[in-house]
Amino acid sequence: MLCTWLSTIAGGIAVLWFSLKLFFPYFWEDLIYFLRRKRLKARIKRRASNGILSIIDLFLQRVEKIPHKPFLIYEGKVHTYHDVDRRSNRVAQVLLQYGNLKKGDTVALLMGNGPDFIHVWFGLAKLGCVVAFLNFNVHSRSLLHCINTCGAKALVIGEDCVESIEKEFIFHLLENNVAVWLMSSSSLFQHVHTILDKLDKVPDHPVPSHLKDVTNTRNTAMYIFTSGSTGFPKAAVITHLRALSACLLFTQCGAVSQDIMYLTLPLYHISASLLGICGCIELGATCVLKKKFSASQFWNDCRKYNVTMFLYIGELCRYLCNQPCKEEDRVHKVRIALGNGIRPDVWKKFLMRFGPIKIFEFYGSTEGTVGFLNYTNKIGAVGRAGIFSKFLHSFELLKYDVWKQELMTDENGRCKKAPIGKPGLLVVQVTEDAPFSGYAGNNEASEKKLLRNVFVKGDVYFNTGDLLEMDEGGFLYFTDRVGDTFRWKGENVATVEVAEIIGMVDFVQEVNVYGVSIKNYEGRTGMAAIVLKPDQPFDGERLYKHVMDFLPSYAQPRFVRIMDVMQITATFKHQKMHLVNEGFNPEIISEPLYFMHEPAHSYIPLTSEIYKNIVSGEIRL
C-alpha cells in the first residue's frame, strides 16, 4: 500500500516536472527570480526599520562589520572600507568648516574616475547634501545648464578636469554665487577653494550624525544627468530608495561578498556609481577601479587582481573581441558580466572566445521606473516578462508609428497594444510603488515623459522613449530609440543640442541632425544635413574646429550632407526617417557628402572609396 502511494506521488511529480518543462520551460528560473526579487524588496524594508535609509547608512554598516577588507583597488593601491570612511570624513570636515554648506544643499561633481570621486561623494552624503554627477565630456555651455538646472550651491572639480575648464566658466559661476572647489592643493583661479591642502588640517572623525540622517527614502539622494529625448542634459532625480534598489542588481545575478568587480565605466554614469560602487557596498565586495577602459589591459588586470565580475556596455565587449587572440584568453576567473547594449553576434563571439561567462543583459534608464534583467542569459534578450512578472511591474508595449513618430490609437483615442513579435513603445504605469520622480528644475520635460488616459481615463504611464519587442516566450528585445535621441559610444546624443551648436556656424542656414547605422558598430553615429546660406560655400575646416570646440567626441557628427531644401512635416518638424534610411552612401545620395577626417582636421568629400573603407572596417570611427 505504502509502495503504491509513494510510486503514485513520484509519478505525479514526474508528470508535473515534464509538463512544466514542456509548456513552461522557464518556470523554475521565473520562480527563483520572482522569489529573489521579493526577498530583496523585503530586505530594503527590514533595513529601513533598522535605520538603513541611504547608501551612506549601508556603507557605514559595512565599515563597522568589515573595516579592513579592501573596498577599492586603484592603480595597485588598496583602499579598505575603513580608509574610504576616514578619507571621506576629512572631506566632509573640510566642506563643513570652510564650505558654508548646509544639509539639503546640492553640490555638483566634475571628476574623473578615482578614489577621490568616492571620497567627495560620500563626504557630501555625510553632510546631507544632494550630489549631482556631471559628465566631464560635455563643454562649458552644457555644464552651466546642468549646474543651473539642479540648483547647485557649489561645484567640486577633480584635478584631472581642471585643465579642460575655461576661465570664463569659473568666473560665471562665482558671479552667480556658486562656490568652486578644486580637488587639488593649489588653485590657478582667484576665489576658488582647494580641498587637498586642507585635509591634514581637519580631523578624520565623523561630522555630526544628524546631518546625514534621512527621514524619507523617497527624498532626493542625487542627480544623474541624462540627455533624454531632446535638448540639453536633464537632471534625473534619484531617490534614496531608487539607489538602494539599484545596488541589488549584482546580488540578483548571484554575486557574493567574495567576488571582485572590475569597473572601467565613468563614475558619473548610473551603471558605474549605483550598480558598480554601491553594488560592491551591498555585497561587501571589492572593486578594482580603473581611470578609463583599456581593451589591451583588460584581461591582464582580471588575471592580476583575480577579478570575478565586471560591468560592460556593448562597445566594451566588442572592443575586447577585436583584440588579437591570445593563448591565455580563457585563463581568468571572471564568471559574471552585467551590462546593456551587447549585440547578439558580439555576445556569441565573446562566449566562444573567453569561455562560459554568465552574461546578464539588462534594460533600464537613468530616470526610468522599470528595469528588466535577462536572468536566463538568453543571447540577444534584454530581459524577460515571465509568468510572475505581473506581480513585479506593470508595463505595456504600445503600437507606434515610427514614420510619423506617434502612438497609434483606436476610434476612442485609446492606445493599442503591439502584437507579439512586433516592436512597440515601452510604457510603464506610474503608481505609488513605481513613481516617476521626474527631472529637477524642468517640470515641462517631466510632464512630457508622461502619457495620460492611455487605456482608461485617469491612468498615467511613463514613456521610456524606447521600442522593444516581445517574443512568444516572453523574452524582450531592444529595437531602437524613438524621437531625436540616438546612442553612440555608450552615450546618448540629443540631436537638438547638436543642431543648435552646428547652427552657430555663420554659413549654416538650417541643420537637421540624426543617427545613421554602420555595419559592426553598436548604436548609430551622428550625421548632419545642412542647408547653406545663399552664396555661402561649405567650409569643412571651420566646421571641424567648431564641433571639436563645442561638442564632446561622441556627439560630433561623422558625416555631413549638403541639401538645397530641408524637408519638413505638416507640423513644421524636420523629417528624419528618410534621411536615416538613406544613410551616407554616395552611390545612393546625389547631394554632396562629407566625412570628418581627423588627420586633415577637416570634413573632406566622402568618396565611394572612403565609404567602402568605412563599411569594411578599414577606417575606424
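The values are calculated or read from the model by the stated rules, or taken from the named source; none is laboratory data. Not measured: the values here are computed from a predicted model. No Cβ is skipped: glycine too gets one built from the backbone with ideal geometry, and neighbour counts run over all protein chains shown. Calculation scope for accessible area: heavy atoms of the full protein, side chains included, ligands and nucleic acids excluded. Shrake-Rupley method; radii C 1.70, N 1.55, O 1.52, S 1.80 Å.
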Can you report the number of residues in the range 346-378 which are within 17 Å of D480 (Cα to Cα) and out of contact with any Ser or Thr (no Cβ under 8 Å at 6 or more places or on another chain)?
6
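Quick check on this structure: which one of A48, A14 is more than 16 Å from H205 (Cα to Cα) and either modelled with pLDDT under 90 or assigned to a loop (DSSP other than H, G, I, E, B) (or both)?
Of A48, A14, the one residue that is more than 16 Å from H205 (Cα to Cα) and either modelled with pLDDT under 90 or assigned to a loop (DSSP other than H, G, I, E, B) (or both) is A14.
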For the range 125-155, which positions are touching a Lys or Arg at 6+ places or on another chain (Cβ under 6 Å) and either part of a loop (DSSP other than H, G, I, E, B) or surrounded by fewer than 23 Cβ atoms within 10 Å (Cβ to Cβ) (or both)?
G128
How about the range 505-523: which of its residues are touching a strand residue (DSSP E or B) at 6+ places or on another chain (Cβ under 7 Å), crowded, with 20+ Cβ neighbours inside 10 Å and under 24 Å from D466 (Cβ atoms)?
N512, V513, Y514, G515, V516, G523
Close pairs from the range 289-305: first within 15 Å of M261 (Cβ to Cβ), partner open to solvent by less than 20 Å² (accessible area, probe 1.4 Å) and part of a strand (DSSP E or B), Cβ under 7 Å, at least 6 apart
L289/L72; L289/L263; K290/L263; D301/Y262; D301/V288; C302/Y262; Y305/V288
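Which of the residues belonging to the range 491-504 are open to solvent by 10 Å² or more (accessible area, probe 1.4 Å) and in contact (Cβ under 8 Å) with a residue 24 or more places away in the chain?
Filtering the range 491-504 down to residues open to solvent by 10 Å² or more (accessible area, probe 1.4 Å) leaves 491-492, 496-497, 499-500, 503-504.
Once the filter is applied, which keeps residues that are open to solvent by 10 Å² or more (accessible area, probe 1.4 Å) and in contact (Cβ under 8 Å) with a residue 24 or more places away in the chain, the range 491-504 yields E491, N492, V496, E497, A499, M504.
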For the range 61-79, what are the residues that are of a type in the set (A, V, I, L, M) and within 29 Å of the chain's Cα centre (by Cα)?
V63, L72, I73, V78
Look through P605, P586 and report the one residue that is farther than 26 Å from R481 by Cβ, free of Cβ contacts under 8 Å to residues at least 40 places away in the same chain and open to solvent by less than 40 Å² (accessible area, probe 1.4 Å).
P586
Within the range 249-265, is there a residue that is within 15 Å of the chain's Cα centre (by Cα) and not aliphatic (A, V, I, L, M)?
yes
Between F360, F354, which is farther than 30 Å from A440 by Cβ, open to solvent by less than 50 Å² (accessible area, probe 1.4 Å) and within 22 Å of the chain's Cα centre (by Cα)?
F360
Considering residues of the range 319-351 that are among the β-branched types (V, I, T) and more than 20 Å from S517 (Cβ to Cβ) only, the residue most open to solvent (accessible area, probe 1.4 Å)
V331
